[in-house]
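Undergrad: Take a look at this one; I'll ask things after.
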Ligand code: 1CP
């Protein structure tokens, strides 16, 4: 098979596995969301969790970025907190997750269930199955995802998003066994949730560890790295490659390369060429444009995307993306300039 005749799914999966491709594929984290007027129109009048449960609407907003902004993969519309209420945690979105009774004690952790997501959030898998059928003809890859145990625990302990997560860091020191028990339950949930997504048709899955970059290397080695390795080891990665994203983590890059993931998604705080060198062909890379660049003129966006494509060629495989999600208020034109430059004919 000639590399020039690759369909979008083959190009994506080959890039994840470090096999030869004609050019790097492109998608954007948080590509479905508030920056799109078409998303806001469908979202109107529903609570966020009800929206995530509405199969028809979730399918519609998952697909929107394909034609509206020219992305080359679809991520299922859901949230990292969707499987969590069934553990016995009351939460709401305002707009980020807010936990009614933050988890601070051994008794609270003890009381948490490890639910079977196929039973408690069956709609997630129905959305995936519907998307997979819709995308079959266009050969577009479908991504599933989960929040990593540390990031889920960060919100559960703190009660909501935070810059420094002081309650979480206090628990690490004052009640490490409580946090460890919480991470164990969350790890089991994440494995079950990702496995079920692969079974429902996800071609690849991404693990989001947005807050693990808060930690220094010693704490990361103890509190985060083992859960990534366990998740990677338990997933059927031959069926669906695993992408690991840790935000703000140039100092932890070597750990992520050793996580067992197929792809490491990096943000703009690390030089992509340097990341490629340090990866030494062990993983593919994803990223890493600063989402703030999408406010720049299209010529500058194109220039930066070309530089990113060039730097990515030193990696075993590269998936073009931002270094974090599309920011609210981002001009749709900037997103289109990004995908257009990513898809342009590769320079000889
Ligand atoms: O009102 C709205 O429309 C809600 C905004 C919103 C959206 C669009 C939330 C609440 N979640 C989502 C969808 C979502 N979240 C997706 C699927 C869409 C896509 O990627 O195209 C994904 C992958 C997520 C992942 C997510 N949720 C992460 C990890 C990635 C990241 O961006 O760092 C995290 C940390 C969350 C928690 C969360 N949920 C929602 C918000 C606003 C937040 C973060 C904010 C906070 O910390 O307060």
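Computed from the coordinates by the stated procedures, all read-outs in this text should not be read as laboratory data. No experiment lies behind these values; they were computed from the predicted model shown. Ideal geometry is used to build each Cβ from the backbone, glycine not excepted, and the neighbour counts take in all protein chains shown.
Undergrad: Of all residues in the stretch 18-52, how many are over 19 Å from residue 342 (Cα atoms), in contact (Cβ under 8 Å) with a residue 40 or more places away in the chain and crowded, with 18+ Cβ neighbours inside 10 Å?
TA: The qualifying residues number 4.
Undergrad: Let me ask something additional. Read through the list (1) without any contact (Cβ under 8 Å) to a residue 40 or more places away in the chain; (2) in a helix (DSSP H, G or I); (3) within 11 Å of the ligand (Cβ to nearest atom); (4) under 22 Å from residue 98 (Cα atoms), then give the number of the only condition that residue 58 fails.
TA: (1)
Undergrad: Assess whether residue 154 counts as being more than 11 Å from the ligand (Cβ to nearest atom) and either in a helix (DSSP H, G or I) or under 18 Å from residue 79 (Cα atoms) (or both).
TA: Considered against the rule, which asks whether it is more than 11 Å from the ligand (Cβ to nearest atom) and either in a helix (DSSP H, G or I) or under 18 Å from residue 79 (Cα atoms) (or both), residue 154 comes out as no.
Undergrad: Still on this structure: Out of the stretch 53-81, which residues are within 25 Å of residue 189 (Cα to Cα), surrounded by fewer than 22 Cβ atoms within 10 Å (Cβ to Cβ) and out of contact with any strand residue (DSSP E or B) (no Cβ under 7 Å at 6 or more places or on another chain)?
TA: Scanning the stretch 53-81 gives 53, 54, 55, 59, 79.
Undergrad: Given (1) in a helix (DSSP H, G or I); (2) within 13 Å of the ligand (Cβ to nearest atom); (3) touching a strand residue (DSSP E or B) at 6+ places or on another chain (Cβ under 9 Å), identify the lone condition not met by residue 146.
TA: For residue 146, the exception is condition (1).
Undergrad: Restricting to the stretch 157-183, count the residues that are under 29 Å from residue 76 (Cβ atoms), more than 12 Å from the ligand (Cβ to nearest atom) and without any contact (Cβ under 8 Å) to a residue 12 or more places away in the chain.
TA: 0
Undergrad: With closer than 23 Å to residue 266 by Cβ and away from the ligand (no atom under 14 Å from the Cβ) as the only criterion, which of 30, 14 stands out?
TA: 14
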